[in-house]
């Protein structure tokens, strides 16, 4: 995602763990999943536009449309296996309803849950929340 493998954003991720969950939140005072992804990538120097208002993402269908628009706008393409700092999109019943950032095999996926920002293994996220994972990149990591 417009970074190099030598760039280490783990200190940023570590600072964000424990931030509270807030519907529509997009700063360390509180995040939802999309706000967390936007903030993290903004801090990496990637995304410039703010995520859509939470009201436009309230239903699973609207979250799916928002995610699809973001993937197209940022020219992200699907990859088979996660790469460091790639976007992890989680879906249920074919609708993208959650997202996070892959930090690496040892670190896991940074994402915002109802308990706040956490880092978990993708297998845990999939099992606990009954979600499927898909990974996206722009090929510059």
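The values are calculated or read from the model by the stated rules, or taken from the named source; none is laboratory data. As the structure is a prediction and not an experimental result, all values here were calculated from the model. Positions of Cβ are backbone-derived with ideal geometry, glycine not excepted, and every protein chain shown enters the neighbour counts.
Data overview
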quantity: Residue in the stretch 59-66 that is farther than 22 Å from residue 131 by Cα and either out of contact with any strand residue (DSSP E or B) (no Cβ under 7 Å at 6 or more places or on another chain) or at pLDDT 60 or above (or both) present; calculated: no
quantity: Residues (surrounded by fewer than 18 Cβ atoms within 10 Å (Cβ to Cβ) and modelled with pLDDT under 90) located in the stretch 10-34; calculated: 10, 23, 24
quantity: Residue satisfying all of: in the stretch 104-118; under 14 Å from the mean Cα position of the chain (by Cα), closer than 25 Å to residue 24 by Cβ and at pLDDT below 95; surrounded by the most Cβ atoms within 10 Å (Cβ to Cβ) among these; calculated: 108
